[in-house]
Amino acid sequence: MYCLNMKTITIVDDSHLDSNLIKAWLETDNAHQVQAIYNSGVDAIAKVEDINTDFCLIDAHMPLLNGVNTITILLKHNYKGKLLLMSHAFSLKCMVEAKNAGAHAYCHKDKESLINALANAESELVCFDEKSFETWKQKSSVINLHQKDKDPKVDLLVPIIIKYYHTVAKG
């Protein structure tokens, strides 16, 4: 069902489980419609001409091209929607980089946080207040999420390919 006020969303996340879960969360309220899911920043950049949604939710930690670099390239290709960086693990560095890259929000990858971040972005509110992330930050440290969010397959790639994607992201 499509409503006139329904907001369209693109999801860029290397986790199929997370992508499908986020899609289910967002489409239950009939206010959001997920139009596309890309499994990496590289896939999204390859289809950048097709991405014309209101919002683009991007995982912070993906192989080859992380979320911040994906945001940078999407903006260089004139993406007009609002970009939100999301992650299971809080990182002050990611938050600062997302803000500097032009993201509208940095949020925890859970239903409540994503819906609140989308509502704030729609209202033109940009939130990068570290104090509001305190609980998320504590949970991330306790269960050591930072170490679990790295894809070991990236280490198997030829270094020149990794360098190429990072160079493209930086312009």
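Can you find even one residue in segment 100-119 that is part of a strand (DSSP E or B), at negative phi, open to solvent by less than 20 Å² (accessible area, probe 1.4 Å) and in contact (Cβ under 8 Å) with a residue 60 or more places away in the chain? Checking segment 100-119: not a single residue is part of a strand (DSSP E or B), at negative phi, open to solvent by less than 20 Å² (accessible area, probe 1.4 Å) and in contact (Cβ under 8 Å) with a residue 60 or more places away in the chain. The number of residues in segment 86-142 that are basic (Lys, Arg) and modelled with pLDDT under 80 comes to 3. When the residues of segment 14-32 are filtered to those that are outside any helix (DSSP H, G or I), over 25 Å from LEU65 (Cα atoms) and not hydrophobic (A, V, I, L, M, F, W, C), which remaining residue is modelled with the lowest pLDDT? So, considering only residues that are outside any helix (DSSP H, G or I), over 25 Å from LEU65 (Cα atoms) and not hydrophobic (A, V, I, L, M, F, W, C), the one modelled with the lowest pLDDT is ASP29.
Within segment 40-67, the set of residues being open to solvent by 20 Å² or more (accessible area, probe 1.4 Å) and part of a helix (DSSP H, G or I) comprises VAL42, ASP43, ILE45, ALA46, GLU49, ASP50. Every listed requirement among (1) under 24 Å from TYR164 (Cα atoms); (2) open to solvent by 10 Å² or more (accessible area, probe 1.4 Å) is met by LYS82 save one, (1). Of all residues in segment 85-97, those satisfying the criterion of being buried (at least 21 other Cβ atoms within 10 Å of the Cβ) and closer than 21 Å to HIS32 by Cβ are LEU85, MET86, SER87.
When ILE45, ILE11 are screened for being at pLDDT 95 or above and either within 17 Å of LEU85 (Cα to Cα) or among the acidic types (Asp, Glu) (or both), only ILE11 passes.
Number of residues in segment 8-39 that are open to solvent by 20 Å² or more (accessible area, probe 1.4 Å) and within 23 Å of ALA89 (Cα to Cα) equals 13.
The values are calculated or read from the model by the stated rules, or taken from the named source; none is laboratory data. Being a predicted model, the structure only gives us computed values, none of them experimental. Cβ: placed from backbone, ideal geometry, glycine included. Neighbour counts: every protein chain shown. Only protein heavy atoms, including side chains, enter the accessible area calculation; ligands, DNA and RNA are left aside. Shrake-Rupley method; radii C 1.70, N 1.55, O 1.52, S 1.80 Å.
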